[in-house]
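Everything on this sheet refers to the single structure shown next.
The values are calculated or read from the model by the stated rules, or taken from the named source; none is laboratory data. A quick note: this is a predicted structure, and the numbers were derived from the prediction, not measured. Neighbour counts are summed over all protein chains in view; Cβ atoms, including those assigned to glycine, are modelled from backbone coordinates with ideal geometry. In case anyone asks, the SASA skips ligands and DNA or RNA and just uses the protein heavy atoms, side chains included. Shrake-Rupley method; radii C 1.70, N 1.55, O 1.52, S 1.80 Å.
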Amino acid sequence: MKIRSILLAVVLGASLVSAPAHAAPELSVGVAYDIGGRGDKSFNDASAAGLEKAQKQFDFNLEAVVTDGTSADREKRIRSLITKKCNPIIAIGAGYAATLQALAVEFPNTQFAIINDASVAALNVTSVVFADTQGAYLAGFSAAQVSKSGKVAMIANPDQADLYKDGFSAGVFASKRKVIPIVKYVSGSYSLATTQVLDAGADVVFAATHGSNSEIFKVIVSRNAKKKGSNIGLINIEPDQYITVTSATKKFLFASVVKRVDKAIYDVIALSVAKKAYLDILDGDAGIYGRRYGITGGGIEFTIRSKELAAMSDSINLAAATAEKILA
């Protein structure tokens, strides 16, 4: 949808010709970036991409702020957007959850949205979340397809046990190949965890952690330099993680699970322009409280980066049809 500027005829007198002028946008969108702002190669940049797409199609004012990460500063930044009459206000990242929980009560007529968090219980706060388990299923399925050693691994945080069991491991078993899934829960060194799963025989690693996974990739690249035969590869999640890939190392990045944060941001603005409520979708049976983006509708994409996986795209597409039915 494209909004055209309204031309106003301003009559200054009977002898003057009417002069057209662009009307000021009715909508002011506020965006509160997380720590670092644009250039983080993560959620801030992915959100900015959605904003840029929306700006090309819709007419609205944009006010953006960046937090230093403290709770006091987060509140200060959100309040500054409220003062500027921004509505909606989009907060990037779970770090804003506590702030929005409090301010949503104080400002019930302001519509908020928070990206990648579903913990705020307020009618005027929409939680935008992603179907992580669906992406993990495809990662497991694809890892099993290309494994030569018969072992693949997921490196995860301690709170991601369900993501492993219902996603990655389920995808591995769905491949119907004799491949064993390994999981390493990490609260310390990612380098050590990667070394351990490679020593255990894994030749494809799915990184489900947040932040930089350069440590994981560095170990994989180093191990490949010491071995002969087929490559050890990485499957990552974007924009949860970021790594530096060179022309010499890109062959070790097999695939990426991509959360379309840009699409979610665009949707928030499109609905606001159309003056439609952007409310949470409540589905207790499915465990969905918020707006969940999954494979259906293109909210989760699986980007194949290796020639070997590309040759198996038909089977991966079939697996995607199964994965998109996963509710957790």
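List the strands (runs of 3 or more DSSP E) inside the stretch 210-299, counting only whole elements, that have at least 2 residues being at pLDDT 85 or above, within 19 Å of Gln160 (Cβ to Cβ) and among the hydrophobic types (A, V, I, L, M, F, W, C).
Counting at least 2 such residues, we get 233-238, 253-259.
Sort out which residues of the stretch 196-210 are out of contact with any Lys or Arg (no Cβ under 7 Å at 6 or more places or on another chain), over 23 Å from Ala248 (Cα atoms) and either surrounded by fewer than 19 Cβ atoms within 10 Å (Cβ to Cβ) or touching a residue at least 60 places away in the same chain (Cβ under 8 Å) (or both), and write them in order of number.
Asp199, Ala208, His210
Within the stretch 211-229, how many residues turn out to be without any contact (Cβ under 8 Å) to a residue 24 or more places away in the chain and not charged (D, E, K, R)? Step through it out loud before you land on a result.
Of the residues in the stretch 211-229, the ones without any contact (Cβ under 8 Å) to a residue 24 or more places away in the chain are 222, 225-228.
Okay, now just the ones that are also not charged (D, E, K, R), so 222, 225.
Adding up the residues that qualify gives 2.
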Inset, instruction - Can you run down the residue pairs with Cβ atoms below 8 Å, 6 or more apart or on separate chains, where the first is in the stretch 171-188 and more than 19 Å from Ser142 (Cα to Cα) and the partner is among the polar types (S, T, N, Q) and open to solvent by less than 70 Å² (accessible area, probe 1.4 Å)? - result: Tyr185/Asn157; Tyr185/Gln160; Val186/Asn157; Val186/Thr209; Ser187/Asn157
Inset, instruction - Looking only at the stretch 137-154, decide whether some residue is in a helix (DSSP H, G or I) and closer than 11 Å to Ala208 by Cα. - result: yes
Legend entry - Residue that is touching a strand residue (DSSP E or B) at 6+ places or on another chain (Cβ under 8 Å) and farther than 26 Å from Ile237 by Cα, where the choices are Asn87, Asn109: Asn87
Inset, instruction - Tally the residues that are modelled with pLDDT of 95 or more and within 24 Å of the chain's Cα centre (by Cα), restricting the search to the stretch 167-190. - result: 9
Legend entry - For Ala193: the one exception among (1) surrounded by fewer than 19 Cβ atoms within 10 Å (Cβ to Cβ); (2) closer than 30 Å to Asn44 by Cβ; (3) out of contact with any Asp or Glu (no Cβ under 8 Å at 6 or more places or on another chain); (4) not hydroxyl-bearing (Ser, Thr, Tyr): (1)
Inset, instruction - Under 8 Å between Cβ atoms, at least 6 apart or on separate chains: pull out the pairs that start in the stretch 243-269 with a residue that is touching a residue at least 40 places away in the same chain (Cβ under 8 Å) and small (Gly, Ala, Ser) and end on any residue that is open to solvent by 10 Å² or more (accessible area, probe 1.4 Å) and in a loop (DSSP other than H, G, I, E, B). - result: Ala255/Arg305; Ala255/Ser306; Ser256/Arg305
Legend entry - Some residue of the stretch 146-157 being surrounded by fewer than 24 Cβ atoms within 10 Å (Cβ to Cβ), in contact (Cβ under 8 Å) with a residue 40 or more places away in the chain and on the phi > 0 side of the Ramachandran plot: yes
Inset, instruction - Evaluate the following for Ala54: is it crowded, with 18+ Cβ neighbours inside 10 Å, within 15 Å of Val268 (Cα to Cα) and at pLDDT 95 or above? - result: yes
Inset, instruction - Could you tell me whether any residue of the stretch 222-231 is under 21 Å from Gln145 (Cα atoms), of a type in the set (S, T, N, Q) and open to solvent by 20 Å² or more (accessible area, probe 1.4 Å)? - result: yes
Inset, instruction - Return yes when Phe130 is within 13 Å of the chain's Cα centre (by Cα) and open to solvent by 10 Å² or more (accessible area, probe 1.4 Å) and no when it is not. - result: yes
Inset, instruction - Determine the pairs where a residue that is farther than 21 Å from Ala131 by Cβ, located within the stretch 300-328, has a partner that is at pLDDT 95 or above and open to solvent by 40 Å² or more (accessible area, probe 1.4 Å) with Cβ atoms under 7 Å apart, the partner being 6 or more residues away or on another chain. - result: Ala310/Ile304
Legend entry - Residue match in the stretch 92-108 (condition: part of a loop (DSSP other than H, G, I, E, B) and farther than 20 Å from Arg292 by Cβ): yes
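Can you tell which of Phe173, Phe168 is open to solvent by less than 30 Å² (accessible area, probe 1.4 Å), of a type in the set (A, V, I, L, M, F, W, C) and out of contact with any Lys or Arg (no Cβ under 8 Å at 6 or more places or on another chain)? It would help to see each step written out before you state the result.
Values: Phe173 fails: open to solvent by less than 30 Å² (accessible area, probe 1.4 Å).
The match here is Phe168.
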Legend entry - Matching residues, the stretch 26-36, being assigned to a strand (DSSP E or B) and surrounded by 21 or more Cβ atoms within 10 Å (Cβ to Cβ): Val29, Gly30, Val31, Ala32, Tyr33
Inset, instruction - Kindly indicate whether any position in the stretch 37-50 is in contact with a strand residue (DSSP E or B) (Cβ under 8 Å, 6 or more places away or on another chain), part of a helix (DSSP H, G or I), within 19 Å of Ala264 (Cα to Cα) and not small (Gly, Ala, Ser). - result: yes
